[in-house]
Amino acid sequence: MMFEKKILIVRLSAVGDVIRTLPAVKAIKSYYPSASLTWMVEEPSRAFLESQPEIDEVILFPRQKWSAGMKSPKGWYKTIRDVQTFIQTLRQKKFDLVLDFHGILKSGLLSFLSGAPGRIGFERTSSKEGNFLFSNIKVKLPERRVSRFVRNFSLLNGLGLEVPPQNYPLFIPEKDKEYVKYFFDQLGPLPFPTIAIHPGTSPKTHYKRWFPERYAQLADRLVRELKASILFTWGPGELDWVKQIQMRMQEPSFIGLQTHSLTQLGEIYRNCDLFIGGDTGPMHIASLMGIPVVVIYGPTDPVLNEPFGVHQKVIKNVGCNPCRNRSCQRLKCLETISVDDVFKATREVLRITA
């Protein structure tokens with residue numbers, strides 16, 4: 001059946017949430033290859049989405065620019081004009097359908113202002129800030145708590161698609177494959193298992209970071225007892241953090257090359273046998289690349305943030321987690337997770353995949 005609809009996808013931020021929305025959007029293209037898919041997103045995820053062939057067009061939602069412009073009378077006037085032009089341009093594209101994966105007031109308004117006659121969103125209890133008022137096709141989630149991946153696939157029911165959550169791997173451009181291949185060629189053959197450890201988090205989520213001395217102790221133990229090769233990956237502002245961990249180690253390890261895109265990071269993980277790290281975007285990228293992951297959960301929800309594929313969760317319920325207390329000083333939820341806990345989870349995953 002031909003399905004030549006023009007579809008607008010709305011999932012604005014954050015990078016990790018965009019990553020977890022991508023498999024559901026790729027599923028739309030898989031089932032309806034004639035559909036045209038346009039994704040509205042904020043700047044941090046723009047280049048990543050433009051690299052994925054299933055996405056026909058990416059529209060930048062300039063939130064930061066507009067927010068800065070509203071801080072002065074002169075900027076306020078120009079910003080209002082920019083918003084008007086943005087909406088006019090959006091409506092001129094004449095979308096048939098909007099899928100609002102974000103589910104907040106801002107995304108609901110954008111969905112409505114697009115002028116699309118069909119606006120698919122989550123029903124009242126599964127959305128926030130009155131978002132449900134802007135959709136005319138409302139999707140109800142399962143009664144049980146589900147992961148973001150399951151949530152996003154559930155929205156496809158509004159298109160008449162009942163698709164079980166499944167992995168649609170990231171597309172890696174050839175130039176990124178070559179960039180990463182050169183790095184691994186310099187290292188030479190690495191013994192099994194090659195384990196990627198990503199100890200960092202985004203600057204706003206330091207409260208999700210396990211402790212550097214424990215990452216160092218874990219890495220040493222993985223080398224000694226499992227004969228593993230350890231490769232630390234890092235993002236902007238995280239290199240010093242990784243070097244602190246490596247300096248605490250007694251066994252040899254490698255620091256990954258600087259990556260300039262999420263697809264380069266994904267290609268690094270494709271060349272590894274296992275990922276260890278916290279609840280971050282890189283963890284979800286690793287899971288989408290098809291390698292098993294061990295996730296260290298502190299304050300974040302292990303159900304909502306569950307990865308795809310083979311994985312082990314390391315979490316201790318201390319009574320106050322999950323939470324979103326970014327200023328927490330105790331971090332008891334992370335303090336109670338021992339090196340032995342993570343080592344056992346790693347060994348279990350490797351036993352499953354061996």
Picking from ASP82, ASP100, ASP96, the residue that is surrounded by fewer than 16 Cβ atoms within 10 Å (Cβ to Cβ) and at pLDDT 95 or above would be ASP96
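Which ranges mark the helices (runs of 4 or more DSSP H) fully within the range 26-106 that have 2 or more residues being within 26 Å of THR259 (Cβ to Cβ)?
On the way: elements: 46-50, 63-69, 73-92.
Helices (runs of 4 or more DSSP H) meeting the threshold: 46-50, 63-69.
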Listed by first then second residue, the pairs whose first member lies in the range 189-201 and is assigned by TED's automatic domain parsing to the domain that holds GLU225 and free of Cβ contacts under 8 Å to residues at least 60 places away in the same chain, whose partner is surrounded by fewer than 17 Cβ atoms within 10 Å (Cβ to Cβ) and part of a loop (DSSP other than H, G, I, E, B), with beta carbons under 9 Å and at least 6 positions apart or on separate chains, are PRO191/LYS227
Of the listed residues (ARG209, ARG214, ARG270), the one being more than 26 Å from ARG351 (Cα to Cα) and either surrounded by 14 or more Cβ atoms within 10 Å (Cβ to Cβ) or among the hydrophobic types (A, V, I, L, M, F, W, C) (or both) is ARG209
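Select from the range 185-206 the residues that are more than 24 Å from the chain's Cα centre (by Cα) and surrounded by 18 or more Cβ atoms within 10 Å (Cβ to Cβ) and list them in ascending order.
PRO193
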Pairing a residue in the range 249-261 that is outside the structural domain of ALA196 (by TED's automatic domain parsing) and touching a residue at least 40 places away in the same chain (Cβ under 8 Å) with any residue that is assigned to a loop (DSSP other than H, G, I, E, B) and aliphatic (A, V, I, L, M), where Cβ atoms lie under 9 Å and the two sit 6 or more apart in sequence or on different chains, gives none
Checking GLU50, GLU43 in turn, the sole residue that is surrounded by fewer than 18 Cβ atoms within 10 Å (Cβ to Cβ), touching a strand residue (DSSP E or B) at 6+ places or on another chain (Cβ under 9 Å), of a type in the set (Asp, Glu) and modelled with pLDDT under 95 turns out to be GLU43
Flagged in the range 9-27 as farther than 14 Å from GLU50 by Cα and touching a Lys or Arg at 6+ places or on another chain (Cβ under 6 Å), in numbering order, are ARG20, THR21
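Could you check how many residues of the range 120-150 are among the β-branched types (Val, Ile, Thr) and closer than 20 Å to ILE19 by Cβ? Steps first, please.
Residues of the range 120-150 that are among the β-branched types (Val, Ile, Thr), as a first pass: 120, 125, 137, 139, 146, 150.
From the residues that got through so far, the ones that are closer than 20 Å to ILE19 by Cβ too are 146, 150.
Of the residues in that region, 2 qualify.
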Scanning the range 81-109 residue by residue, those touching a residue at least 60 places away in the same chain (Cβ under 8 Å) and either small (Gly, Ala, Ser) or not assigned by TED's automatic domain parsing to the domain that holds SER154 (or both) turn out to be SER107
* Inspect the range 287-298 for any residue being at pLDDT below 95, of a type in the set (Gly, Ala, Ser), over 16 Å from the mean Cα position of the chain (by Cα) and surrounded by fewer than 17 Cβ atoms within 10 Å (Cβ to Cβ) and give the result as yes or no. => no
Scanning the range 258-276 residue by residue, the ones that are part of a loop (DSSP other than H, G, I, E, B) and closer than 21 Å to ALA216 by Cβ total 2
The number of residues in the range 159-179 that are buried (at least 17 other Cβ atoms within 10 Å of the Cβ) and either over 22 Å from VAL294 (Cβ atoms) or out of contact with any helix residue (DSSP H, G or I) (no Cβ under 6 Å at 6 or more places or on another chain) (or both) is 5
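The values are calculated or read from the model by the stated rules, or taken from the named source; none is laboratory data. Note that the structure is a prediction, hence the values are computed from the model and not measured. FYI the Cβ positions are ideal-geometry reconstructions off the backbone, even for glycines, and counts take in every protein chain you see.
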